[in-house]
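Chemist: Take this structure, written in structure tokens, and hold onto it; I'll ask about it next.
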Amino acid sequence: EVELLSDVAYFGLTTFAGYQTLGEEYVGVIQVDPSRSRVPSRLRRGMLVVLHTVLPYLLAKALLHLELELQAEADSASPRPSRGSLTLGRRGRSGAGHWVRQHTATLA
């Protein structure tokens, strides 16, 4: 989470202050709106920061959850789950786990 906070702070401060990031300065990129005549609005710049920093973080967390669900399913299918496995009881499984099991059943 520290990396996420540092990215949000860096990109947020440079974007909202109107400065270029180091990469933008290096390659000579200037942010403009679709009309190519003015700087994008604060909302548009804020969405850029969120999509560039927060969305990959949330995607990584969702994929980690998916991986744990698949691991729990694989462990519960084996006759003897290992001692350190992350198997969940029927009550501990989420609706996402049901969806994952349903859609991964057809995978080889």
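Chemist: So is VAL49 at pLDDT 80 or above and of a type in the set (Val, Ile, Thr) or not? Can you show your working first?
Modeler: Working: at pLDDT 80 or above: yes; of a type in the set (Val, Ile, Thr): yes.
Yes, satisfied.
Chemist: Here's a follow-up. I need every pair where a residue in region 9-22 that is free of Cβ contacts under 8 Å to residues at least 40 places away in the same chain has its Cβ under 7 Å from the Cβ of a residue that is open to solvent by less than 60 Å² (accessible area, probe 1.4 Å) and not in a helix (DSSP H, G or I), sequence separation at least 6 or different chains.
Modeler: Hits for this filter: THR14/THR21.
Chemist: What number of residues within region 15-47 are open to solvent by 90 Å² or more (accessible area, probe 1.4 Å), part of a helix (DSSP H, G or I) and closer than 24 Å to VAL2 by Cβ?
Modeler: 2
Chemist: Just give me the residues in region 1-14 being part of a helix (DSSP H, G or I) and under 24 Å from LYS61 (Cβ atoms), in sequence order.
Modeler: Result: VAL2, GLU3, LEU4, LEU5, SER6, ASP7, VAL8, ALA9, TYR10, PHE11, GLY12.
Chemist: I've got another one for you. Condition test on ALA62, is it among the small types (Gly, Ala, Ser), surrounded by 11 or more Cβ atoms within 10 Å (Cβ to Cβ), modelled with pLDDT of 85 or more and under 30 Å from HIS98 (Cα atoms)? Outline the logic, then answer.
Modeler: Details: among the small types (Gly, Ala, Ser): yes; surrounded by 11 or more Cβ atoms within 10 Å (Cβ to Cβ): yes; modelled with pLDDT of 85 or more: yes; under 30 Å from HIS98 (Cα atoms): yes.
When the stated conditions are applied, ALA62 passes them.
Chemist: Restricted to region 8-31, and to residues that are among the hydrophobic types (A, V, I, L, M, F, W, C) and under 24 Å from the mean Cα position of the chain (by Cα), which residue is farthest from ARG45 (Cα to Cα)?
Modeler: Step one: filter region 8-31 for residues among the hydrophobic types (A, V, I, L, M, F, W, C), giving 8-9, 11, 13, 16-17, 22, 27, 29-30.
If we keep only those that are under 24 Å from the mean Cα position of the chain (by Cα) too, we end up with 8-9, 11, 13, 16, 22.
Working: VAL8: 12, ALA9: 14, PHE11: 10, LEU13: 11, PHE16: 7, LEU22: 17 Å.
Applying the filter and picking the extreme gives LEU22.
Chemist: Pairs please, first residue from region 91-108 and at negative phi, second anywhere and modelled with pLDDT of 70 or more, Cβ atoms under 6 Å, 6+ apart in sequence or on different chains.
Modeler: Pairs that qualify, where the first residue is at negative phi and the partner is modelled with pLDDT of 70 or more, are GLY97/GLU69; VAL100/GLU69; ARG101/GLU73.
The values are calculated or read from the model by the stated rules, or taken from the named source; none is laboratory data. Because the structure is predicted, anything quoted here is derived from the model rather than measured. For neighbour counting, all protein chains shown are included, and Cβ atoms are generated from backbone atoms with ideal geometry for every residue, glycine included. Accessible surface is based on the protein model in full, side chains and every heavy atom, while ligands, DNA and RNA are left aside. Shrake-Rupley method; radii C 1.70, N 1.55, O 1.52, S 1.80 Å.
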